[in-house]
1. Are there any pairs, at least 6 apart or on different chains, whose C-beta atoms fall under 6 Å, with the first in the stretch 53-80 and touching a residue at least 40 places away in the same chain (Cβ under 8 Å) and within 16 Å of LYS33 (Cβ to Cβ) and the second among the charged types (D, E, K, R) and buried (at least 18 other Cβ atoms within 10 Å of the Cβ), and if so, which?
2. Looking only at the stretch 63-105, count how many residues are β-branched (Val, Ile, Thr), under 14 Å from the mean Cα position of the chain (by Cα) and either exposed (fewer than 15 other Cβ atoms within 10 Å of the Cβ) or under 16 Å from GLY43 (Cα atoms) (or both).
3. Condition first: assigned to a loop (DSSP other than H, G, I, E, B) and of a type in the set (Val, Ile, Thr). Now tell me which residues in the stretch 24-57 satisfy that.
4. With the requirement that a residue be modelled with pLDDT of 80 or more and basic (Lys, Arg), what does the stretch 10-44 give you?
5. Just checking, which of GLU41, GLU56, GLU9 is within 24 Å of SER101 (Cβ to Cβ), surrounded by fewer than 18 Cβ atoms within 10 Å (Cβ to Cβ) and among the acidic types (Asp, Glu)?
Amino acid sequence: MIQKKHKGERLLEIDNVHVADSGAPPVVDATGKYVGYFQNEYGEQWVFIGDRKTGEAVIYGGDVGWQSQYKASRSKPFPGDLILSREEKEWIIACFAAMCSAPYDVVASAFARGEFVAAALGMMAALRDPPAVEPANRGATNGTNAIHRKDGRPEE
């Protein structure tokens, strides 16, 4: 349950879709915090609670037991104990970007060290600046893909 300490009506209420063995979901005091919520295609729910001042966060997940807290920070966004999908990692990056008021690509590039983002950034760069590619079978002169020997005759 997410709560802000002020006089007003509740803005958001989210049902816990996990089995009872997952434990009770966290009760979150969102005062002064950035709170993010994610549910993947399998119904696994995640809650991100970030401190804008320190740049640190705690991540809770129903599928890994609501009582467990996983610490994350801008320098180490993906807790080593968790196996996360690409979409879950992208959500965490988006949470840090929103929490820190920074562009997504700037925050994502900081996480590129050995992560999936490096591959994505490399693909984006390749689209911007495609590498020069030499045509295959440069020796073929008759419009075929024939491979020629050094003496210029096609190989048999």
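The values are calculated or read from the model by the stated rules, or taken from the named source; none is laboratory data. Everything quoted here is computed from the prediction, not taken from an experiment. So basically every Cβ, Gly included, is an ideal-geometry build from the backbone, and we count neighbours across all protein chains shown.
1. So the pair list comes out as GLY55/ARG74.
2. Looking only at the stretch 63-105, we keep the residues that are β-branched (Val, Ile, Thr), and these are 64, 83, 92-93.
Then keep just the ones that are under 14 Å from the mean Cα position of the chain (by Cα); that gives 83, 92-93.
With either exposed (fewer than 15 other Cβ atoms within 10 Å of the Cβ) or under 16 Å from GLY43 (Cα atoms) (or both) added as a condition, the list becomes 83.
Qualifying residue count for the region: 1.
3. VAL27, THR31, THR54
4. LYS33
5. GLU56
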